[in-house]
Amino acid sequence: MTEITTSRRTALKAAVAGAGLIAAPAVLRYARATSKRIVVRDDGGIYTKAYGAVYYKPFTQKTGIEVVGVQATAEPVAQIRSMVETKNYTWDMAKISQPAILLLTEGGKVLLEKHGLENDPFVKTIPAQYMSPYGVGTNVYSTVLAYREEAFKGRAAPKSWADFWNVKDFPGRRGIRKHPFDTLEQAAMASGVPAAQLYPLDLDRAFKALDAIKPKIDVWWNSGAQVEQMLKSGEVDMIATWVSRPQSANADGAKIGIVWNQNIWGVDSWSILAGTPNADACREFIKFASEPQRMGSLSQYFAAGVTQPEAFKYIKPELAKDSPTYPDNIKNGVQIDVKYWVANQAAVIEKFNGWVLK
């Protein structure tokens, strides 16, 4: 969710050596593909660059099917709905979050195709928590606590959301996202709610915690680019943010600490638009992109939250530790409750926006 950019401009700038040479399955039934071109919505930026090198170009070389990556808004639910209902397909498939998948498949017309790839040799090895009948998990993203190491030189740095909320023992300029997603989870955990008992959110408790820290928040941020700039400039000392932003700042030479404890994570999936005439070509692409070795090659561009456990065999250890799905990182996190947010987002967003204005 894809707010983008993951780590490490050292990794970002590295070329994927031989990406097109990674072995594909012995037999892929490309003859089923009905088109020589598919259009895939991705997140743009480093994702488009990395996917072009690791997925798009090699797939075209292997199959003759051109893949065009296009960027769109973070949650393009309305765009997909319009395309499917009008049968005017600007895209054939999209990389979207699990909440977006639910919004497009529940409570009315189903706007995504079932992929039917559960028995594919590679797809079936992706853990169930990253899968849906309408989406094959391809990337895990995380929200973390990040801090400027210089600001905590000679003193203890924050290690939890409770520390972030503790302005007495951890003084410094703070930033929080101006949106209830993740922010309410952080507030609840800061108040002492165990991660395993986070949902359904105790809104009264979470807002009470936000009331306590609201006067101490120096920046309510709206974009990842804003976060990255603030970390580099020193405008904030600690911030709740998508992990890609401090990682990118570190790749540019900043010294930003990342706290994986109590990280909040979600999944992006490859999903096929219902009714696209190129659905079979999309399925072949998804299988191709789910190969562990190929997925592992993304690490040469950014610390991808790979959904294939076997992909870590092909990732350098120093890069693997930056991945949201690295075992130590994922076990210390909590998965976003997709169904909770789909059911409650409208009311909670309204409540949060009203609270911000108080």
Completion exercise
Within the range 91-129, residues being within 16 Å of ASP280 (Cα to Cα) and either at pLDDT below 95 or not in a helix (DSSP H, G or I) (or both) number 13
Practice task
Hey, can you tell me all the residues within the range 293-337 that are among the charged types (D, E, K, R) and either assigned to a loop (DSSP other than H, G, I, E, B) or open to solvent by less than 40 Å² (accessible area, probe 1.4 Å) (or both)?
Solution key: ARG294, LYS316, LYS321, ASP322, ASP337
Fill in the blank from the handout: Of the residues in the range 165-220, those that are in contact (Cβ under 8 Å) with a residue 12 or more places away in the chain, assigned to a loop (DSSP other than H, G, I, E, B) and out of contact with any Ser or Thr (no Cβ under 8 Å at 6 or more places or on another chain) number 17
Problem - Members of the range 137-189 that are over 23 Å from the mean Cα position of the chain (by Cα), within 16 Å of THR241 (Cβ to Cβ) and of a type in the set (A, V, I, L, M) - result: ALA151, ALA157
Fill in the blank from the handout: Of the residues in the range 237-273, those that are of a type in the set (Gly, Ala, Ser), crowded, with 22+ Cβ neighbours inside 10 Å and touching a residue at least 24 places away in the same chain (Cβ under 8 Å) come to ALA240, SER244, SER248, GLY266, SER269, SER271
Practice task
Just give me the residues in the range 119-136 being surrounded by fewer than 19 Cβ atoms within 10 Å (Cβ to Cβ), more than 17 Å from TRP265 (Cα to Cα), in contact (Cβ under 8 Å) with a residue 12 or more places away in the chain and under 22 Å from the mean Cα position of the chain (by Cα), in sequence order.
Solution key: THR125, PRO133
Completion exercise
The condition from (1) buried (at least 23 other Cβ atoms within 10 Å of the Cβ); (2) over 24 Å from LYS331 (Cα atoms); (3) among the small types (Gly, Ala, Ser) that ALA188 misses is numbered (2)
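The values are calculated or read from the model by the stated rules, or taken from the named source; none is laboratory data. Just so it is clear, the structure is predicted and the values come from calculations on it, not from any experiment. When we count neighbours, we look across all protein chains shown, and the Cβ atoms used for this are built from the backbone with ideal geometry, even at glycine. Remember, those area values only see protein heavy atoms, side chains included, never the ligands or the DNA or RNA. Shrake-Rupley method; radii C 1.70, N 1.55, O 1.52, S 1.80 Å.
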